[in-house]
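Here the structure comes first, spelled out in structure tokens, and everything after it is commentary.
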Amino acid sequence: MRTLGSAPVVRLASIPLALATLLACGGSESTPEPTATPEAPTAKAEGPAVAEVPPAVKALFKPVAAKAVAADDAAKVTLGRQLYYEDRLSAGQNQSCNTCHQLDNYGVDNLPTSKGSFEDLGARNSPTAYYAFGHVAQFWDGRAATLADQAKGPILNPVEMAIPDEATAVAIIKSIPGYGPMFAAAYPDDPDPITYDHIADAIGTFEAYLVTPSPFDAWLEGKPTTMSAEARKGAEVFVQTGCTACHLGPFLGGSMYQKLGLVEAYETADVGRMEVTANEADKHVFKVPSLRNIAKTGPYFHDGSIASLDDAIALMAKHQLGKTLSPEDTSAIKAFLESLTGEIPADYIKPPEALASGDDTPAPMKKKG
């Protein structure tokens, strides 16, 4: 669990919940006819139990279901998927968006910070691409307003994909013959559709459908679920502990900024959002991350310094809420967070076959200096 300020916060609008309450049904046992040697009754097989969602949990969370690709987005999604896996959008032609945000691995690379095209390490942990479409902004410091804005950053970042400028990125894509028809289909009203804005927009449109429905979603919807009794208890402990001061809504986070070390100071050299706003009040303020799939997306915090989910839970309770959790409460909260692990959309994220390079497609670049 990561809560991240005393700076003004931005919250998602409250969304009414339409939840069905199902009662677990038990079959009645029949009494066997008396005999000299009565047979033992045969146990009945039952499906997963469905327990009522407590009102406090209903009020703070909302299920997020998988969504079908809108007809208007279909061509952009196909193009965006191709670009998401495109290694030639990195200087060394050895990295794509998927290198750091691996979609078959819950959108992360499980490294404290990621290596760039020339083996340089980034300064912050790479967050998951799943559910990013629901966040108030992108990056830990919120410097990008939209998914498309975010997609522009890593390609040109000298530590990450290290393409020198937008014109170079566009020239690379134009040199690959297969992209022409794909951009024309995605942006039919533009006579010159291969632009840097369109590259970013297509990637962002593809990412806008990255969801992983989980046992927790099924529980909220009143459906049979594999969510354990301890996980259901953990949801209540999570609320009672105060974690929902920051981690609430459909994405259990992503809707506001918060200071890291709100109650008890947390040592970090990273000034957070202050780097963007130049406002002292934003020092050590970060975007609150979503907790969906959190059990799979470690290591934790903005610098990837915390390896264990148990430690992350305990540290956040201490530094953000001023509380020391019992082992039992920590275990329950962890079980709840594990129930947020969803099903990866294997068909949607399937890597496409790489497009053939053209005669003038450039060779990999070498690091300057």
Quiz item: Hey, among the residues in the range 106-132 that are more than 9 Å from the chain's Cα centre (by Cα) and under 22 Å from Cys246 (Cα atoms), which one's surrounded by the most Cβ atoms within 10 Å (Cβ to Cβ)?
Solution: Asn125
Practice problem: Kindly indicate whether Asp347 is outside the structural domain of Gly107 (by TED's automatic domain parsing), over 15 Å from the mean Cα position of the chain (by Cα) and either within 22 Å of Ala218 (Cα to Cα) or of a type in the set (A, V, I, L, M) (or both). | Solution: yes
Exercise. Quick one: count up the residues across the range 133-150 that are surrounded by 22 or more Cβ atoms within 10 Å (Cβ to Cβ) and farther than 17 Å from Glu207 by Cα.
Key: 2
Practice problem: Quickly run through the range 281-317 and pick out the residues that are over 15 Å from Gly261 (Cβ atoms) and of a type in the set (Asp, Glu). | Solution: Asp310, Asp311
Exercise. Specify which of the listed residues (Ala200, Ala235) is within 27 Å of Ala317 (Cα to Cα) and not in a loop (DSSP other than H, G, I, E, B).
Key: Ala235
Self-check item: Test result for Lys323, among the charged types (D, E, K, R), surrounded by fewer than 20 Cβ atoms within 10 Å (Cβ to Cβ), at pLDDT below 95 and not assigned by TED's automatic domain parsing to the domain that holds Ser114
Solution: no
Quiz item: Within the bounds of the range 259-277, is there any residue that is among the small types (Gly, Ala, Ser) and in contact with a strand residue (DSSP E or B) (Cβ under 7 Å, 6 or more places away or on another chain)?
Solution: yes
Exercise. Identify the residue in the range 209-246 that is in contact with a Gly (Cβ under 9 Å, 6 or more places away or on another chain) and crowded, with 19+ Cβ neighbours inside 10 Å and, among all such residues, is farthest from Val77 (Cα to Cα).
Key: Cys246
Exercise. Quickly run through the range 111-136 and pick out the residues that are part of a loop (DSSP other than H, G, I, E, B) and of a type in the set (A, V, I, L, M, F, W, C).
Key: Leu111, Phe118, Ala123, Ala129, Val136
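The values are calculated or read from the model by the stated rules, or taken from the named source; none is laboratory data. Predicted model, so just to flag it, every value in this text is computed and none were measured. Backbone-built Cβ (ideal geometry, glycine too); neighbour counts: all protein chains shown.
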